[in-house]
1. Within the bounds of the stretch 154-172, is there any residue that is touching a Cys at 6+ places or on another chain (Cβ under 9 Å) and of a type in the set (Asp, Glu)?
2. Which pairs turn up if I take residues in the stretch 250-275 that are under 17 Å from Asp308 (Cα atoms) and look for partners that are surrounded by fewer than 18 Cβ atoms within 10 Å (Cβ to Cβ) and not aromatic (Phe, Trp, Tyr) with beta carbon separation below 7 Å, at least 6 apart in sequence or on another chain?
3. I need the full set of residues from the stretch 84-100 which are more than 16 Å from ligand 2 (Cβ to nearest atom) and charged (D, E, K, R), in order please.
4. Out of the residues in the stretch 162-196 that are without any contact (Cβ under 8 Å) to a residue 24 or more places away in the chain and not polar (S, T, N, Q), which is nearest to Ala100 (Cα to Cα)?
5. Name the residues in the stretch 5-25 that are touching a helix residue (DSSP H, G or I) at 6+ places or on another chain (Cβ under 6 Å), assigned to a helix (DSSP H, G or I) and within 16 Å of ligand 2 (Cβ to nearest atom), would you?
6. Looking at this structure, is Arg205 within 17 Å of His226 (Cα to Cα) and of a type in the set (Lys, Arg)?
7. Could you tell me which of the residues Arg220, Arg232, Arg214, Arg203 is closer than 23 Å to Pro105 by Cα and within 16 Å of ligand 1 (Cβ to nearest atom)?
8. Filter the stretch 80-93 down to residues that are surrounded by fewer than 23 Cβ atoms within 10 Å (Cβ to Cβ) and touching a helix residue (DSSP H, G or I) at 6+ places or on another chain (Cβ under 7 Å) and give me whichever is farthest from Val4 (Cα to Cα).
Amino acid sequence: MIKVGIVGGSGYTGGELLRLLSLHPGAEAVCITSRKLEGRPVGDVHPHLRGISSLNFESPSASEVAERCDVVFTAVPHGTAMDWVPDLLDAGAKVVDLSADYRLPLEVFERTYGMKHRAFREAVFGMPELHPEVRGAGFVANPGCYPTGASLSVAPLVGAGLAERVVFDSKSGISGAGNAPSETSHYPNMAENVIAYKLTTHRHRAEVDQELSRLSPGIRVSFTPHVVPAIRGILTTAHLLVKDEFIGSIPDRDEISKIYRDFYRDSPFIRLVPGVPSLGAVRGSNFCDIGFEVDGSGDRIVVVSAIDNLVKGASGQAIQNMNLMMGIAETEGLWLPGGAP
Ligand SMILES: NC(=O)C1=CN([C@@H]2O[C@H](COP(=O)(O)OP(=O)(O)OC[C@H]3O[C@@H](n4cnc5c(N)ncnc54)[C@H](OP(=O)(O)O)[C@@H]3O)[C@@H](O)[C@H]2O)C=CC1
Ligand SMILES: CC(=O)N[C@@H](CCC(=O)OP(=O)(O)O)C(=O)O
């Protein structure tokens, strides 16, 4: 049994890690931290875990957590994980960091997040479909939620050299913002509304750019996020503008499907769907559903992806990474259907 610790277990991704781990046959949570809830049962703040988890929140040091665990998930805000990760690694634990602290090269992180990094280490970028080196790794930076849905939606087409530019338009459920109440999450502001924000400046553009540039150097990436009145889920619409040489001669639907199937042949959590993906079909699951349509104008392919931001966009992908790091089947504990409708 893999012994698991969760630093920052009172938040949304911490609760989701516990839910998924409770279904995992080869891993068990043994330590869950919270500064403000020390001593309280996990079910006090995560009511869905009442009767399932008998753990109490603790407030131990990094070395104590590492001593008791094989793998530790750091599910704390960016700028905070860097105070935990080096000590956990030095004490011998494998670490999956859910924050943004280790997803980008040092200089790009500091520019994008406007802060000095206090404890930089190299990590493997934890998107197994694009980074097979996750297998056996000791330290993995789990990707952001938007970058997961965005990068996976078009990676095969970008890798095939079709794209000049991709313009992403993403819609997220409100849990993407974490459990601290904010003006955006206030019910009268959010209900029956759609809020676009950081139209050209969201920090996740750097992550998507990083992943797609590896596949096609020089590609141009634009990204605009929205919050919609849903709790979970991210629906991303990618407008892939083809290179000049493909204008009017975009591969047909069968050829594009083949590009996807070949690229994702070893990726059990990617489902190429015949129509338009829906959030209901992936809610609660680790799947990323992808559908596409070639624009009759001949210069654009529109791709839509759907993920659950708390699962494939965070805690599910983190467990997928843990499985690969520990040398067990990638799907272990994660082979769950979505909660349609
Ligand atoms: N929500 C989402 O969809 C996604 C989130 N992420 C990332 O995952 C991480 C966690 O997100 P989420 O669960 O939503 O966040 P929440 O705001 O819901 O929870 C944050 C957790 O961090 C703990 N925490 C906060 N500050 C500190 C600190 N200084 N030291 C130790 N613990 C601290 C809090 O515990 P307490 O105050 O009780 O100590 C709480 O448990 C973030 O980096 C987020 O960006 C990534 C992808 C998707
Ligand atoms: C809806 C919403 O507010 N989403 C968050 C996504 C944050 C997240 O989960 O990403 P990181 O792990 O990179 O912080 C936002 O736009 O900031």
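1. The answer is no, given that none of the residues of the stretch 154-172 is touching a Cys at 6+ places or on another chain (Cβ under 9 Å) and of a type in the set (Asp, Glu).
2. Taking only residues 6 or more apart or on different chains, the pairs are Pro268/Thr331; Leu272/Ser257; Leu272/Arg261.
3. Quick first cut of the stretch 84-100, residues more than 16 Å from ligand 2 (Cβ to nearest atom) only: 86-94.
Hits for the stretch 84-100 are Asp87, Asp90, Lys94.
4. Top of the filtered list is Ala180.
5. Taking the stretch 5-25 as the starting set, the residues that turn out to be touching a helix residue (DSSP H, G or I) at 6+ places or on another chain (Cβ under 6 Å) are 5-6, 8, 10, 12-13, 16-18, 20.
Filter again for assigned to a helix (DSSP H, G or I), leaving 12-13, 16-18, 20.
Across the stretch 5-25, the qualifying residues are Tyr12, Thr13, Glu16, Leu17.
6. Working: within 17 Å of His226 (Cα to Cα): yes; of a type in the set (Lys, Arg): yes.
Spelling it out, Arg205 is indeed within 17 Å of His226 (Cα to Cα) and of a type in the set (Lys, Arg).
7. On the way: Arg220 fails: within 16 Å of ligand 1 (Cβ to nearest atom); Arg232 fails: closer than 23 Å to Pro105 by Cα; Arg214 fails: within 16 Å of ligand 1 (Cβ to nearest atom).
After applying the criteria, what remains is Arg203.
8. Pass one, the stretch 80-93, residues surrounded by fewer than 23 Cβ atoms within 10 Å (Cβ to Cβ): 80, 82-83, 86-87, 89-92.
Applying the additional criterion that residues be touching a helix residue (DSSP H, G or I) at 6+ places or on another chain (Cβ under 7 Å) yields 87, 91-92.
Working: Asp87: 16, Ala91: 14, Gly92: 13 Å.
So the residue we want is Asp87.
The values are calculated or read from the model by the stated rules, or taken from the named source; none is laboratory data. Just so it is clear, the structure is predicted and the values come from calculations on it, not from any experiment. We place every Cβ from the backbone using ideal geometry, glycine too, and count neighbours over all the protein chains shown.
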